[in-house]
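The values are calculated or read from the model by the stated rules, or taken from the named source; none is laboratory data. Please read these numbers as outputs of a predicted model, since none were measured by experiment. Here the Cβ is made from the backbone with ideal geometry for all residues, glycine too, and neighbour counts use every protein chain on show.
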């Protein structure tokens, strides 16, 4: 996450977490379940309030607030844990037909970024946007609810 956009405690934020290369990973239930499980963990143990979210095939949007501790650091831990678990699930899968391709891509992106040894899963930035007014909150909420409609996944929000 950019140092210029560090998220503060108790503010409401719209965040976007994107898989490197916009690789479609969350079109598989198993990987979505890992993501949801990690979100639930953050709610229970990291004091993360999630007001709404959507999981798309290669990114997630959410409106969140963290009542204690920094949101930036917590998102970093969330992304790290989720990435490790999803990659481990891909490696262990006997039915993932894209296994070699996915691991190749995550390895390719790791080589482009010296910070990662073997695999690079999430884009670095989380794009937090402070939601200062009810109008902006409503706009971001509607964006989240309509994202799967625009993608043709569902007919209505």
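If I ask for residues that are part of a loop (DSSP other than H, G, I, E, B) and either surrounded by 14 or more Cβ atoms within 10 Å (Cβ to Cβ) or touching a strand residue (DSSP E or B) at 6+ places or on another chain (Cβ under 9 Å) (or both), which ones from segment 125-157 would you list? If you could, list the steps in order and put the result at the bottom.
Of all residues in segment 125-157, those part of a loop (DSSP other than H, G, I, E, B) come to 125-128, 131-133, 151-157.
The answer is 125, 126, 127, 128, 131.
If a residue must be touching a helix residue (DSSP H, G or I) at 6+ places or on another chain (Cβ under 8 Å) and either closer than 28 Å to residue 87 by Cα or in contact (Cβ under 8 Å) with a residue 12 or more places away in the chain (or both), how many such residues does segment 126-157 contain?
Within segment 126-157, the subset touching a helix residue (DSSP H, G or I) at 6+ places or on another chain (Cβ under 8 Å) is 126-129, 131, 154-157.
Imposing the further condition that a residue be either closer than 28 Å to residue 87 by Cα or in contact (Cβ under 8 Å) with a residue 12 or more places away in the chain (or both) reduces the set to 126-129, 131, 154, 157.
Selection size over segment 126-157: 7.
For segment 1-11, check the following and say yes or no: at least one residue is buried (at least 17 other Cβ atoms within 10 Å of the Cβ) and at pLDDT below 95. Can you show your working first?
From segment 1-11, those buried (at least 17 other Cβ atoms within 10 Å of the Cβ) are 1, 7; that's our starting set.
Going one step further and asking which of them are at pLDDT below 95, we end up with 1, 7.
Yes: segment 1-11 contains one or more residues that are buried (at least 17 other Cβ atoms within 10 Å of the Cβ) and at pLDDT below 95.
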